[in-house]
Amino acid sequence: MFGISPIYIMLMAVAAGITGLASWRVRANMNKYHKVRNTQNMTGHQVVEVLKRRYNMPDLAFEITNSGDHYDPRSHTLRLSAANAQQPSVTAMAVAAHEFGHALQRETKYPMLGLRSAMVPAVNIGSQMGRYLIMGGLILMAFAGEFGFYVAVLGLLGFAATTLFAFVTLPVEFDASRRAMNVLKESNLLMAGEDAAGTRRVLWSAAMTYVAAAAVSLMQLLYFAIQIFGRRD
């Protein structure tokens, strides 16, 4: 059956290896530089406040959250975990600047951020229904032929939305990291040496998790497509 295909198991093993390596790398760098105090001795919250003044963004809201560091373009709110908001580490500075980079994308109407935000409703539906429709369609193909095929293709299109979203996310995240380095330098917050090197490593390793997620999603999409169209023949 579909769920126990040796090819699927092999691909998922490769996917698990890719995501595991990326996750390990980002955790290692973030943990390492959480222990290194930034030269400015500033918490993530303080970094955000300095950047808000420097780039004239008084309406940017700030919150401490338990749901992970992120920027919400809908409410124009930058949220940091307690560790990054309250500690003066290199990691805190890097993460705060990265999320501020997303806020700058909104201010400058960066098109890929707008595209990603517009895709969210379709992606939410596709991620929830895509797999079920694919699996149900593959089962139906054994009994209902063309009807099952079209059900599976509908699921494939839904899942494809999540893959496209993963790839649209890549330029958004890389651009936010590029902006992060620029704003820290322009604001004289990023000194040479440990600050610059650590910030660059934290940002780069975090970006690689998005690359891994996009690669895994593409692998799954291709596998599903092979299953659907292969069984039709």
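So the values come out like this:
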read-out: Segment Leu222-Ala142, extension gain: residue separation times 0.36 nm, minus the distance between their alpha carbons; value: 26.7 nm
read-out: DSSP bridge pairs, the range 1-145: antiparallel proportion in percent, nearest 5; value: 45 percent
read-out: Rounded, prolate or oblate (a/c below 1.5 giving rounded, otherwise prolate when a/b exceeds b/c) for the chain by Cα gyration tensor; value: prolate
read-out: Neighbour net charge for Thr91 - beta-carbon separation under 13 angstrom, K R +1, D E -1; value: +2
read-out: Given charges at beta-carbon only (K, R positive; D, E negative), |dipole| of the chain in Debye; value: 360 debye
read-out: Per-residue HN-Hα couplings for the range 216-222 [Karplus 6.51, -1.76, 1.60; θ = phi - 60°; Hz; x = Gly/Pro]; value: 5, 4, 5, 4, 5, 4, 5
read-out: Gain in span if fully extended, Ile7 to Asn182, counting 0.36 nm per residue against the direct Cα distance; value: 58.6 nm
read-out: Relative packing of peptides 24-33, 213-222 - highest average C-beta neighbours within 10 Å first; value: 213-222, 24-33
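Computed from the coordinates by the stated procedures, all read-outs in this text should not be read as laboratory data. The model shown is predicted, which means the values in this text are computed figures rather than measured ones. When we count neighbours, we look across all protein chains shown, and the Cβ atoms used for this are built from the backbone with ideal geometry, even at glycine.
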